[in-house]
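Notes to accompany the following structure.
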Amino acid sequence: MMKFLIVTQDMNIGGIQKSLLNLLNRISEENHNIQLRLFNKQGDYLGFLPSNVKVDDCGYFISAISDSKRDLLKNRNYIKLIVKIILMGFAKVTSPNFIYKMLFKLDKDKTEYDVAISFSQDNYTAVFSKGCNQYVTDYVTSNIKAAFIHSDIINESADIEDMRKKYRLMDAVINVSNSGKKTFDEIFPEYKSKSFVMKNLFNESEITKMANQSYGITNPEKSLKLVTVSRLSYLKGTDRILKLANKLKEIGFHDYVWHVVGEGTGEYESSRLRQWAKENNIDDKLIFVGNNPNPYPYIKNSDVFVFPTRTEAFPMVTIESLILNTPVVACRYSSVDEQITNNYNGLVIENNDDAFQQGLISLMSDGFRKIHDWTESLNSYSYENEKNYSEFNRIIGELEEKCRAHDRVDRK
């Protein structure tokens, strides 16, 4: 039995959190001692954690800076909001890394672990959307320290030199796609020997079970049924959906219904987008559902899954869609060819606004012919879950052996 510490931001609905949940389910089956440490102890997925996973947080101040201003206002947690604003001000004068350093010292973990994993890579697009790597490298005692990378680091405005310093202190850097490892090795050739690939895990039986649950929607039988499940934002291509819906209205194409499951902030809040659809008289065609911990009935009961994202590493939802025999139409991202076989179980479109519109309009005008062929192809689809989990065990085993070898050398 091994003692694991896994550190991440939260358990809100999202691809990284779902990937972690699936990994925890597998690790917990082997009766390891698992401690999950959250910067912000919240999220719909908390209720789905295995019973033998212990959960804690990094203290009040880390929780304050990790929560969003919107949620703090919504929950009327004004003291935490004031704390967050003050610390954001200090971070701009000093640096986010300095603030994390000061706050981590208030809650340093004295437990010794066999394996410590930073599951959320640093996000450099916001002041306080990082810290997991720093926490694991500097404030945790563990025989093995590893970091996961779930994003396309070229397209995430990353601070390469800051990443270089943090990954130097890791024993392993685990990418979730082959293309991700290739990019990492090109940027950090000095760390190539400790970079690995472990693709995300999926609980196929649970996905199928949840997809069969009632969800209270009756789609028109003859209409083309589309679905998108994603965070609502510019990076995820939500604006492309709005532009396409307007274009379809202009050309008089009305024979479709499109459910968009997910939530955003600011101009991309689902309530605002619902109002936009209503004002444009397409709210019966374009339906913004909001967040839902079970999006699978929407996916299963749709003809095609549409993924207009501008950047991804190895998205969970595309594989989940294929598992449910729903073909995927996606804008090209770094690992798309590892997931979708073009014109066999879906369609890969070049990643620009014009190509997205033209590709979808052409497909929708074609009716169901191509989609039917893709769906037939998915009858034989199988995801390599066991192979990917075996790779995780192989990585940990290899690092354990290196630790033992170092111990033997030290004793000599």
Select, from Met2, Met11, the only residue that is buried (at least 16 other Cβ atoms within 10 Å of the Cβ), of a type outside the set (S, T, N, Q), closer than 19 Å to Val176 by Cβ and in contact with a strand residue (DSSP E or B) (Cβ under 9 Å, 6 or more places away or on another chain).
Met11
Could you pull out the residue among Ser68, Ser63 that is in contact with a Ser or Thr (Cβ under 9 Å, 6 or more places away or on another chain) and in the same structural domain as Asp152 (by TED's automatic domain parsing)?
Ser68
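Quick check: anything in the range 211-226 within 26 Å of Thr8 (Cα to Cα), out of contact with any Lys or Arg (no Cβ under 7 Å at 6 or more places or on another chain), buried (at least 20 other Cβ atoms within 10 Å of the Cβ) and not hydroxyl-bearing (Ser, Thr, Tyr)?
Step one: of the range 211-226, the residues within 26 Å of Thr8 (Cα to Cα) are none.
Within the range 211-226 (the criterion being within 26 Å of Thr8 (Cα to Cα), out of contact with any Lys or Arg (no Cβ under 7 Å at 6 or more places or on another chain), buried (at least 20 other Cβ atoms within 10 Å of the Cβ) and not hydroxyl-bearing (Ser, Thr, Tyr)), the answer is no, since none of the residues qualifies.
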When you check Val53 against the structure, is it of a type outside the set (Lys, Arg), modelled with pLDDT of 90 or more and closer than 27 Å to Lys101 by Cβ, yes or no?
no
Could you count how many residues in the range 104-127 are surrounded by fewer than 21 Cβ atoms within 10 Å (Cβ to Cβ) and either out of contact with any strand residue (DSSP E or B) (no Cβ under 8 Å at 6 or more places or on another chain) or of a type in the set (A, V, I, L, M) (or both)?
10
Can you pull out the residues in the range 157-170 that are surrounded by 17 or more Cβ atoms within 10 Å (Cβ to Cβ) and either at pLDDT below 95 or not hydrophobic (A, V, I, L, M, F, W, C) (or both)?
Ala158, Asp162, Met163, Lys166, Tyr167
Output the residues belonging to the range 43-93 that are surrounded by 15 or more Cβ atoms within 10 Å (Cβ to Cβ) and touching a Lys or Arg at 6+ places or on another chain (Cβ under 8 Å).
Tyr45, Asp57, Cys58, Ser63, Ala64, Ile65, Asp67, Leu72, Leu81, Lys84
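Every residue in the range 243-290 that is among the charged types (D, E, K, R) and either within 20 Å of the chain's Cα centre (by Cα) or assigned to a loop (DSSP other than H, G, I, E, B) (or both), please.
Within the range 243-290, Asp255, Glu263, Glu269, Asp283, Asp284, Lys285 meet the criteria.
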Got at least one residue in the range 30-41 being buried (at least 18 other Cβ atoms within 10 Å of the Cβ), over 29 Å from Pro293 (Cβ atoms) and within 25 Å of the chain's Cα centre (by Cα)?
no
Considering only the range 92-112, state which residues are among the β-branched types (Val, Ile, Thr) and not in a helix (DSSP H, G or I).
Thr94, Thr111
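Listed residues Glu401, Glu391, Glu376, Glu338; which is more than 23 Å from Asn292 (Cβ to Cβ), touching a strand residue (DSSP E or B) at 6+ places or on another chain (Cβ under 8 Å) and of a type in the set (D, E, K, R)? Break it down into steps so the answer makes sense when it comes.
Details: Glu401 fails: touching a strand residue (DSSP E or B) at 6+ places or on another chain (Cβ under 8 Å); Glu376 fails: touching a strand residue (DSSP E or B) at 6+ places or on another chain (Cβ under 8 Å); Glu338 fails: touching a strand residue (DSSP E or B) at 6+ places or on another chain (Cβ under 8 Å).
The match here is Glu391.
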For the range 185-236, which residues satisfy the criterion of being polar (S, T, N, Q), under 30 Å from Met170 (Cα atoms) and free of Cβ contacts under 8 Å to residues at least 40 places away in the same chain?
Ser193, Ser195
Which helices (runs of 4 or more DSSP H) does the range 309-397 wholly contain that include 1 or more residues that are more than 20 Å from Asn178 (Cα to Cα) and either under 17 Å from the mean Cα position of the chain (by Cα) or of a type in the set (A, V, I, L, M) (or both)?
316-323, 353-365, 369-377
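The values are calculated or read from the model by the stated rules, or taken from the named source; none is laboratory data. This one's a predicted model, so the numbers in the text were calculated from it and none came from an experiment. Quick reminder, even Gly has a Cβ in these numbers, built from the backbone with ideal geometry, and neighbours come from all protein chains shown.
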